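Peer 1: Pasting in a structure now, in structure tokens, and then I'll have a few things to ask.
No lab work stands behind these numbers, since they all come straight from the coordinates. Fair warning: this is a prediction, and the values are worked out from it, not measured in the lab. Ideal geometry is used to build each Cβ from the backbone, glycine not excepted, and the neighbour counts take in all protein chains shown.
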Amino acid sequence: MASMLPDPHPDAGPTAGDGIAAASRAPGRTGGIEAHGIDHIPDSERRGRPRELFPVWAAANVNYLSLVVGGALVLMGLTLWQALAVIVVGNLFWLLTGLLAIPGPAAGTPSEVVTRALYGVRGNRVNNAVTGWMISVCYFALNLAAAATAAFSLVDRAGLPVNTAVKAAVVVLIAAVTLAISVYGHAAIVRLYVPITLVLTAVFAVLGVAVLRHTDFGHAPGRPLTGTALWATLLAGVALIASGPLSYTTSADFSRYLPRSTPAKAVAGWTALGGFLPGLVVCGLGACAATAVDMSDPESSLQRLLPGWFRPVFLLALVLGTIALNALTAYSAGLALQAVGIRIRRSLSVLVDGAVSVSLTLYALLVSDFLDTVGDVLQLTVVLLGPSTAVYATDILLRRNRYDGPALADESPAGPFWYTGGVNWSGALALGAGVTASALCVDTVYTGPVAAALGGVDLALPAGLVAASAVYALLMRATPAAG
């Protein structure tokens, strides 16, 4: 059974400094560490305004990985304006992330518990193990690797050797700072991310001026893409950008402390805007920079566009932005581990996730090719994340966001979300149909039969979204109402 109770020892855990501890003291938090895990947040502990969600998502999306992905679009053979169009379309998927945030105030529980309505108590444990914990850990590792590459340059500028031992130490240090924020929890994230957003905005404003001064707005590849090859690249680019917002099926984790009466439109709007604006700007800067420098080595190439005094500031900002992003990822991964059914304190589950992610990061940096790994993982996760998001969004619309938090917390066979043997087969079959449709259309690390028939055009994202949503809506019409 999952741990539905608050952390039994909320004052235990790593020491991350008085600043974080002070920022975290609020109802439901004792000794600086958030006491709640996946348990229901009572109305007496709800507070805040929906606009507080904007800096949470903005700080997390001013990051190095977005620059890398934006530059990758030009490396894929797109013109600058084609790449920018892809960036706009891909970032529109933040609207779905905003929609998935609105059950937080309604239910007072994180996404990892809300999804019991979709899959049943037992079925949701499998869902959290795969789309919750496993995907979060992979993204944590990718982002940590991105931050580490910037930190390696700082170490090199300091005159220290950048050998394997030093690289491992840097990865562990960045992970420790990230996990400290995640362990202290929700209040620390909400309060710390306001100044982080302001700092990152200032740094990226300077970067933007430097990049735009060197941008070739008429950039086009030597051999422009046409016909099927162009459409294949455009759709692959949209999937690459959309993988970011689609990875946040857990956005209710950060809205669940808001009062029950908080307008759903405000929750969705501030969440979506917090991800969309920085995603658009930072990915766009990455694409613009790719017209002037080689973005296959973005960290060192970008520095050539910057004044000497600003280079270490820029590198520090890359590390800070990725820490902000990964703190959200680790926080949700910790909740997912609880929701899988493991009786473990949220603070400890975050540390377990961090240990696994650090191991994956060291592999990505020291064994494999980082840029290839990023592209393959982000595009392939769309096969799972697209259908998962579609089922969740469809359930919110079908129920009109009416979720009963205490009922969702009931894991007994007599509970309203036990369905049949603990599984809501409507959700399970819909997710399976979406993943199957997406897998048939994918063209990343392998080519599905539909993609092969279309000459490499990857329709995995739209196919998965439409199939999962349609099947779920049809099956739920025949499923007795729950909750």
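Peer 1: Let me understand segment 82-132 better: what is its radius of gyration from the alpha carbons, and its Dmax, in angstrom?
Peer 2: 14.7, 44
Peer 1: Another question, if that's okay. Taking the Cα centre as origin and putting +1 on Lys and Arg beta-carbons and -1 on Asp and Glu beta-carbons, what dipole magnitude results for the chain, to the nearest 20 debye?
Peer 2: Working: 26 positive and 25 negative charges, 187 e Å.
That gives the chain a dipole magnitude of about 900 debye.
Peer 1: In whole angstrom, how far apart do the alpha carbon centroids of segment 68-117 and segment 420-439 sit?
Peer 2: 22 Å
Peer 1: Calculated from DSSP H runs of 4 or more alone, at -39500 (n - 2.57) each and per residue, what is the 222 nm mean residue ellipticity of the chain, nearest 500?
Peer 2: Details: 22 runs with 315 residues, N = 483.
Value at 222 nm, helices only: -21000 deg cm²/dmol.
Peer 1: What percentage of all Cα-Cα pairs in the chain are separated by more than 39 Å? Mind dumping the intermediate values first?
Peer 2: Numbers: 21991 of 116403 pairs.
More than 39 Å apart: 19 percent of the Cα pairs in the chain.
Peer 1: While we're looking at this one, here's another question. Of all the C-alpha pairs in segment 121-162, what % are more than 17 Å from each other?
Peer 2: 52 percent
Peer 1: Turning to a different aspect of this structure: Mean Kyte-Doolittle of at least 1.6 and a Cα length of 27 Å or more along the axis: which whole DSSP H helices of the chain meet both? List each step's numbers first, then the result.
Peer 2: Values: long enough: 135-157 (34 Å, 1.30); 164-184 (30 Å, 2.15); 186-214 (41 Å, 1.69); 227-246 (28 Å, 1.54); 264-289 (38 Å, 1.42); 311-339 (42 Å, 1.42); 346-366 (30 Å, 1.41); 370-399 (42 Å, 1.09).
Passing helices, by number: 164-184, 186-214.
Peer 1: Out of segment 308-354, which trypsin sites (Lys or Arg not before Pro) are coil in DSSP terms and have no more than 11 other C-beta atoms within 10 Å?
Peer 2: Values: sites: 343, 345, 346; in loops: 343, 345.
Answer in residue order: 343.
Peer 1: Calculate the FRET efficiency for residue 399 and residue 310 from the Cβ-Cβ distance with a Förster distance of 51 Å, rounded to the nearest 0.05. Before the final figure, lay out each step's value.
Peer 2: Numbers: r = 50 Å, r/R0 = 0.98.
E between residue 399 and residue 310, to the nearest 0.05, is 0.55.
Peer 1: Still on this structure, please answer the following. Extension gain residue 420-residue 164, at 0.36 nm per residue separation less the Cα-Cα distance, in nm? Let's see the in-between values first.
Peer 2: On the way: separation 256, 0.36 × 256 = 92.16 nm, distance 5.18 nm.
Stretched out fully, the residue 420 to residue 164 stretch lengthens by 87.0 nm.
Peer 1: So, in Å, what gap is there between the alpha-carbon centers of segment 310-333 and segment 161-175?
Peer 2: First find each Cα centre; the distance between them is then 16 Å.
Peer 1: How large are Rg and Dmax for segment 162-287 when calculated on the C-alpha trace, in angstrom?
Peer 2: 19.5, 56
Peer 1: Which distance in nm do the two modelled labels at residue 260 and residue 217 give, with both placed 7 Å along the Cα-to-Cβ direction?
Peer 2: 5.4 nm
Peer 1: What order do you get for 152-159, 424-431 when each peptide is scored by the mean count of other beta carbon atoms within 10 Å, highest first? Before the final figure, lay out the partial values.
Peer 2: On the way: 152-159: 13.9, 424-431: 24.1.
Packing order, densest peptide first, comes out as 424-431, 152-159.
Peer 1: Among 216-226, 390-400, 445-455, what's the highest-first ranking by average C-beta atoms within 10 angstrom per residue? If you can, show how the numbers build up before the last one.
Peer 2: Numbers: 216-226: 11.6, 390-400: 20.6, 445-455: 14.8.
Averaged packing, sorted descending, gives the order 390-400, 445-455, 216-226.
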